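S.K.: Just passing along the structure, written as structure tokens.
The values are calculated or read from the model by the stated rules, or taken from the named source; none is laboratory data. The shown structure was predicted, so the numbers you read here are calculated from the model rather than taken from an experiment. Cβ: placed from backbone, ideal geometry, glycine included. Neighbour counts: every protein chain shown.
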């Protein structure tokens, strides 16, 4: 027995509503992750270990939302059996949620490091972290907006800016290594700053992952060009005297 037109319309509307709910869940995840990043950097600059601990403890809220998204995706795949564009939307939601969860993890890692860093004297180069964090945050905001609006061009623009973040990270990496070589007392605090800077660089990488998923969602194909990397720290570290 064939479904009536009204029944078919109801099924389509129900499916659309579920996809919209998925998008809202992911946007909420992104807002929490960005708030976590802002809070972590504030905690670093203010040397506020209590605030940093709250950031660490709040990371579970993003994990819970990602679990909800995963369950929703499984249900949609099982009940709706989406094809073509619909299938890309569901799979993109799953992948983007995983990237946002990792962004939240990196923000929490910055907060954790700041607690240990506060046990040492202030390091001058800590001032460079907010600049790195602002660019990483901008990339995340751009790709989330691109996802919300199905804007492949905006996603591609943010994707291309990851090289800028890599270059900033490389510059800070070199400065920190110079500090460490000039005075052994700087080694411990600068090591923590290195890890924090790397966490921010990795947030940019996950933003580009989201951009790639948005582009694929809209066009059904991968971005044609290869991602240019501005992170040359591996080669530089290999030339540092032991």
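S.K.: Give me the helices (runs of 4 or more DSSP H) completely within region 126-235, filtered to those with at least 1 residues that are on the phi > 0 side of the Ramachandran plot and loosely packed, with under 15 Cβ neighbours inside 10 Å, ordered by residue number.
M.R.: Correct list: empty, since no element meets the threshold.
S.K.: While we're here: Of all residues in region 69-81, how many are part of a helix (DSSP H, G or I) and surrounded by fewer than 17 Cβ atoms within 10 Å (Cβ to Cβ)?
M.R.: Going through region 69-81 one residue at a time, the tally reaches 8.
S.K.: Going residue by residue through region 82-89, is there one that turns out to be at pLDDT 90 or above and buried (at least 16 other Cβ atoms within 10 Å of the Cβ)?
M.R.: Looking through region 82-89, at least one residue is at pLDDT 90 or above and buried (at least 16 other Cβ atoms within 10 Å of the Cβ).
S.K.: Does residue 83 meet the test of being within 19 Å of the chain's Cα centre (by Cα) and over 22 Å from residue 194 (Cα atoms)?
M.R.: Judged against the criteria, residue 83 is not a match.
S.K.: Given (1) over 19 Å from residue 200 (Cα atoms); (2) surrounded by fewer than 21 Cβ atoms within 10 Å (Cβ to Cβ); (3) touching a residue at least 60 places away in the same chain (Cβ under 8 Å); (4) in contact with a helix residue (DSSP H, G or I) (Cβ under 6 Å, 6 or more places away or on another chain), identify the lone condition not met by residue 122.
M.R.: Only one criterion in (1) over 19 Å from residue 200 (Cα atoms); (2) surrounded by fewer than 21 Cβ atoms within 10 Å (Cβ to Cβ); (3) touching a residue at least 60 places away in the same chain (Cβ under 8 Å); (4) in contact with a helix residue (DSSP H, G or I) (Cβ under 6 Å, 6 or more places away or on another chain) is unmet by residue 122, namely (4).
S.K.: Could you go through region 115-124 and let me know if any residue there is in a helix (DSSP H, G or I) and under 30 Å from residue 22 (Cβ atoms).
M.R.: The answer is no, given that none of the residues of region 115-124 is in a helix (DSSP H, G or I) and under 30 Å from residue 22 (Cβ atoms).
S.K.: Search region 132-153 for residues being more than 16 Å from the chain's Cα centre (by Cα) and touching a residue at least 24 places away in the same chain (Cβ under 8 Å), and hand back the single one that is farthest from residue 23 (Cα to Cα).
M.R.: 152
S.K.: Oh, and also: Quick check, is residue 201 in contact with a helix residue (DSSP H, G or I) (Cβ under 6 Å, 6 or more places away or on another chain) and either over 22 Å from residue 99 (Cα atoms) or modelled with pLDDT under 90 (or both)?
M.R.: In short, no.
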